[in-house]
Each structure stands twice: as C-alpha cells, then as structure tokens.
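As structure tokens, the structure follows; a few thoughts come after it.
The values are calculated or read from the model by the stated rules, or taken from the named source; none is laboratory data. Predicted model only: the values in this text are computed from it and were never measured. Cβ placement follows ideal geometry from the backbone for every residue including glycine, while neighbour counts extend to all protein chains displayed.
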C-alpha cells in the first residue's frame, strides 16, 4: 500500500498538519475544505486520512467503502460526531487541542500497519 496521508481540513490547519507530518517523515497531501475537490474515487491510495469534524463529513460515506483509517479531530464531543465516527470501521477521534505526542504516536502506528492498536490511544 502507498504510505501516504490525506489531510482534509480548513487551510491553516491543513498547512500546519502537513508540515508536522513532513517533519516526522510522512508524505502528505493537503486538500483544503471548500476549495479543492475531494478525491472520493481514489481514497484507497492513502494509508490514513486526517480531518476534523464537521469539515470531513463529506468524506465519511466514501471512507466506509474505502476502508482507509481515519483520524477525526474535533473541538467538542457531540452525538453527531459519535454517530459519524462509529459508522466508520477504522476510525479514531481526538479532541482538540490535540496532544501532539499522542497524535504522532497514532500516525506512526497506522503507518506501520498496527491497526489493532488504535483503541489503545
């Protein structure tokens, strides 16, 4: 599998997340919410999708079919967020502000194929 990460979020966060992942040695493609078209037909080309709620809601249906792990970041916990995340098999949610160490650990685990360890975070 291609070891690439897709970041789909608002522009500022996408740039920051992309830079941090690149520094950690993970190639990433950033797609800006509301500006760039979503690659809904080509999600299987990614090893991980990072987005936030509700920005990434448009991806959730496609991700159910693609079986790509997703990390959803959110400012609050809501029933809408819980329902959306629970519907995607390979998903994990982190509440903002994100613990950078846990974020990097999660990304490292996914990129190393340790799907069984998602629940430990």
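The set of residues in the range 8-30 that are farther than 17 Å from residue 69 by Cβ and surrounded by 19 or more Cβ atoms within 10 Å (Cβ to Cβ) comprises 13, 14, 18, 30. The set of residues from the range 63-79 being within 13 Å of the chain's Cα centre (by Cα) and surrounded by fewer than 13 Cβ atoms within 10 Å (Cβ to Cβ) comprises just one member, 67. Exactly one residue out of 74, 57 is at pLDDT 90 or above and in contact with a helix residue (DSSP H, G or I) (Cβ under 9 Å, 6 or more places away or on another chain): that is 74.
Give the range 88-102 a look and list any residue that's in contact (Cβ under 8 Å) with a residue 12 or more places away in the chain and either farther than 19 Å from residue 68 by Cβ or not in a strand (DSSP E or B) (or both), or say none. Result: 88, 89, 90, 95, 96, 98, 100, 102. For the criterion of being under 22 Å from residue 15 (Cβ atoms), under 15 Å from the mean Cα position of the chain (by Cα) and not in a strand (DSSP E or B), residue 60 fails.
Mind telling me which of the residues 50, 82 ends up being loosely packed, with under 15 Cβ neighbours inside 10 Å and not in a loop (DSSP other than H, G, I, E, B)? Answer to the selection: 82. Considering only the range 18-28, I want to know if a residue exists there that is under 14 Å from the mean Cα position of the chain (by Cα), outside any helix (DSSP H, G or I) and modelled with pLDDT of 90 or more. Checked against the condition, which is being under 14 Å from the mean Cα position of the chain (by Cα), outside any helix (DSSP H, G or I) and modelled with pLDDT of 90 or more, the range 18-28 yields at least one hit.
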